[in-house]
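Please treat every number below as a calculation from the coordinates, not as lab data. Keep in mind that this is a model prediction, so the values were computed, not measured. Backbone-built Cβ (ideal geometry, glycine too); neighbour counts: all protein chains shown.
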Amino acid sequence: MSSKVRSVRATPLGWVIWAVVVFFFVNLAGVVFSVLVSSFGTKWFDTWLPSGFTTQWYGDAWREFTLFHVVVVTLLVSALVVVLSVLIGAPAAYVLARKNFPGKRLVYMTFLLPILMPPITYGIPLATVLYKFGFAGHLSGVVLANLVPSVPFVILTMTPFIEQVDPRIEDAARMLGAGTRSVFLKILAPLLVPGLLASGILVLVRTVGMFELTFLTAGPDSQTLVVALYYSMSAAGIRAQQSVDAMAVIYTAMMLVLLVVALRFVNPTQLVARVKEEPSE
Amino acid sequence: MSATWQHRLAERGVDRRLWLLLPATIFVLLLFVYPFLYGLTLSFQPMDGGGLLANYDKFFSDAYQRDTIATTLKIALPAALLNVLAAVPIAFRLRGRFRGKRLLTTILVVPITLGTVLTAQGLLNYLGPTGWFNRLLLNLQIVDNPIRLTNNYWGVFFSLVITGFPFAFLLVLSYLSGIDPTLERAAATLGASRAQRFRRITLPLLAPGLATTFLLTFVLAFSVFPSAVLVGNPAGSTRVISLAAYQAAYEQYDYAYASAIAMVMGAVELVVVAVVLLWRSRLYTGSTGGKG
């Protein structure tokens, strides 16, 4: 294979695959656009398009669901989860990437389990415990619950980044008399900025989208956008369907902004393996 | 004396830097291990009295509850399998460098942002009896009556494919990019055909990654809960086990019973994880050129 930038090759099997992909995306576009159209539509019964268009549903959704408050809560929860999970997870990732010690496999498995278990399994006992100690129903409970899968996630995504930093750089700094603190702050932290950004942004996207744990631990004042959306949709009949659509569009717009920001910093193909890119031309 | 003792520990890797592990360890013990054990003991203390296993007995003797396990597996396994299998050929076409790669990858990943509710609303609008999909089929006279694709098994299945596929695709693409392309080139110079290269070189190297991807997608699909309610038939064909657990906890306020269901759910899930990991351990686990 030449190292030149090539165009998409098409074999017979290739055509079939692309046809399936296109079919999938045409239907997906239908799914998305039907919500978008509905959120701007007036009455829409048995026709191709609604009988008229309006933006009133967005105003309605904003007022009825106190969306400002909900968005503030969502951002606050996500920011706290990101900061705390990086502070707790990054040092652990450092130890796991650099050192061998007795019991390492056990520690590693324990950190991995929360990612391998469905959130509901540990979420229900966790919520019970958080209620017992008075955390659940408040912002603090939501943040604590969301940390459970986030800290392991930071550990998992940070480890390959740390492994890429040559340990000799640290040794050199130590030889020149730097203490652990300054090795961390002056040498490692700057080198690990890409890894920190990557895991932070991914945790942010995950937390904004995390339904189960927030749903189990949130009180009326500590709902995030996904949970508020779920309630507004499952309590069907009370709200106009279009204002739920409008709210879903707002949520997706917010996630889209986060994803675009994320993709600027994180090459999605380098999440689990260090990629040996073919040389650029 | 104590100096040698410290020295010997340091040789085995125990030194002061291990303290960095402390916050994460305390955290995982307090917020994961303790609640889990708490839930486990609670599940053996039935609210209505009875023996240690009364909650488990109650769950397994009630067909309406017991069947949630099969229902969940029937939705989660095919959805996870389809997502992983569909991701392989697409990721295979998208590796390497070519024009428009970034755009294509972005388009494939964007569905991650949709969220359960927009997906659910969209499926109801689009695939519903008066939605665009059925309207088109009726107008083209492919069907006489609208086909039912929502508020049943298919609605939940589609929503799992929409939310799960981008995730599976991203993981498979990144495992695939981790395979050193020189290996395939070497095989090509030795005369291996395209199909042979895929079967003998790429697939074996990719298989462990596929197993991991399957597991993570399966975890997502197994805990399906909001979409089972919103686009499914939560009283019947899509009454999944997480719904049973939720109802026990927040509708009957029987946390002991809910914990028991959560434990059953965890056990079933771990059995699948164990089977996949066992199968994976029999595969090639060496370096894939990148970090395998």
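Grab every C-alpha pair in the stretch B:188-292, bin the distances at 5 angstrom width from 0 up to the longest one, and report whole percents.
Bins of 5 Å from zero give 2, 11, 14, 15, 14, 10, 8, 8, 7, 5, 3, 1, 1, 0 percent of pairs.
Order these by the 10 Å Cβ neighbour count, fewest first: A:W18, A:W57, B:W154.
A:W18, B:W154, A:W57
So how far apart, in nm, are the two label points at A:T55 and A:A189 if each is 7 Å from Cα heading toward Cβ?
4.4
Within the stretch B:72-87, which residues have the backbone N less than 16 Å from the label spot 7 Å out from B:L283 along Cα→beta-carbon, could you tell me?
Those under the cut-off are B:80-87.
Pairs of Cα atoms under 8 Å, at least six residues apart: use those to get the relative contact order of chain A, whole percent.
29
In whole Å, largest first, what are the principal axis extents of the Cα atoms in the stretch B:142-252?
65, 44, 16
Averaged across the residues of A:139-150, what count of C-beta atoms belonging to other chains lies within 10 Å of each residue's C-beta?
Taking all residues of A:139-150 together, the mean is 1.
Could you work out the percent of alpha carbon pairs in chain B separated by over 24 Å, rounded to a whole number?
The answer is 66 percent, as a whole percent.
With only alpha-carbon pairs counted, each pair once and no self-pairs, how large is the Kirkwood hydrodynamic radius of the stretch A:156-216 in angstroms?
13.5
Pick out, from A:A246, A:N27, A:V183, the residue whose Cα sits farthest towards the positive end of the charge dipole of chain A, with +1 on the Cβ of Lys and Arg and -1 on the Cβ of Asp and Glu.
Comparing the listed Cα positions along the dipole, A:V183 ranks first.
Rounded to the nearest 500, what is chain A's calculated 222 nm mean residue ellipticity when only DSSP H runs of at least 4 contribute -39500 (n - 2.57) each, over all residues?
-22500 deg cm²/dmol, from helical runs alone.
From the phi angles alone, apply the Karplus equation (6.51, -1.76, 1.60; θ = phi - 60°) to the stretch A:121-138 and give each ³J(HN,Hα) in whole Hz, x where the residue is Gly or Pro.
4, 8, x, 5, x, 4, 4, 4, 5, 5, 5, 4, 9, x, 8, 5, x, 10
Work out from phi, with θ = phi - 60° and the Karplus expression 6.51 cos²θ - 1.76 cosθ + 1.60, the ³J(HN,Hα) of each residue of the stretch A:105-110, listed in order in whole Hz, and give x for Gly and Pro.
Karplus values, whole Hz, x for Gly and Pro: 4, 5, 4, 4, 4, 4.
Order these by the 10 Å Cβ neighbour count, fewest first: B:L230, A:L139, B:L52.
In increasing order of surrounding Cβ atoms, one gets B:L52, A:L139, B:L230.
Can you pull a Stokes-Einstein diffusion coefficient for the protein assembly as shown at 10 °C (1.306 mPa s), Rh from Kirkwood over Cα pairs, as a whole number of µm²/s?
Calculated translational D: 62 µm²/s.
Computed FRET efficiency, Cβ-Cβ of B:R8 and A:T11, R0 60 Å: what is it to the nearest 0.05?
0.45
Output the DSSP H helices from chain B with an along-axis C-alpha extent of no less than 30 Å and a mean Kyte-Doolittle hydropathy no less than -0.5.
Sorted by number, the helices that extend far enough and score high enough are B:63-94, B:153-177, B:255-281.
To the nearest Å, what is the center-to-center distance of the stretch B:198-226 and the stretch A:154-177, using C-alpha atoms only?
30
Using amide H atoms built 1.01 Å from N in the peptide plane, name the residues 5+ places from A:G41, or on other chains, whose amide H lies under 5 Å from its own.
Here the answer is A:T54, since their amide H atoms fall under 5 Å of that of A:G41.
Averaged over B:82-90, how many beta carbons belonging to a partner chain fall within 10 Å of each residue's beta carbon?
Mean partner-chain Cβ count within 10 Å for B:82-90: 2.
Over all directions, average the projected area of the Cα convex hull of the stretch A:31-146 and note it in nm².
Hull-based average projected area comes out at 11.8 nm².
With a Förster radius of 30 Å, plug the Cβ-Cβ distance of A:M175 and B:L18 into 1/(1 + (r/R0)^6) and report the FRET value to the nearest 0.05.
0.85
Considering every residue in B:257-267, what mean count of other chain Cβ atoms within 10 Å of its Cβ is obtained?
Average neighbour count from other chains, rounded to a whole number: 4.
Where does chain B land at 222 nm, in deg cm²/dmol rounded to the nearest 500, when only DSSP H runs of n ≥ 4 count, each adding -39500 (n - 2.57), divided by all residues?
When only DSSP H runs of four or more count, the value is -21500 deg cm²/dmol.
What distance in nm separates the two pseudo spin-label positions at B:T189 and A:Y231, each 7 Å out from Cα along the beta-carbon direction?
6.5
Return, for the Cα atoms of the stretch A:200-253, the radius of gyration and Dmax in Å, separated by a comma.
Gyration radius and largest Cα-Cα distance of the stretch A:200-253: 11.9, 39 Å.
List residues of the stretch B:91-119, by number, whose backbone nitrogen lies under 15 Å from a label position 7 Å along Cα→C-beta of A:L256.
Hits in the stretch B:91-119 for A:L256 at 15 Å: B:106-115, B:118-119.
Give me A:M210, A:M175 sorted ascending by neighbouring Cβ count inside 10 Å, so fewest comes first.
Ascending Cβ contact count within 10 Å gives the list A:M175, A:M210.
Residues of the stretch A:172-214 with amide nitrogen under 19 Å from the 7 Å Cα-to-Cβ point of A:K99?
From the stretch A:172-214, the list is A:172-175, A:178-189.
What is the packing order of peptides A:246-253, A:30-37, taking the mean over residues of other C-beta atoms within 10 Å and listing the highest first?
Highest to lowest by the protection proxy: A:246-253, A:30-37.
Among A:114-122, A:69-77, how do they line up by average Cβ neighbours within 10 Å per residue, starting with the highest?
The most tightly packed comes first, giving A:114-122, A:69-77.
I want to check the label-to-label distance for B:A235 and B:L37. Put each point 7 Å from Cα in the C-beta direction and report it in nm to one decimal.
4.3
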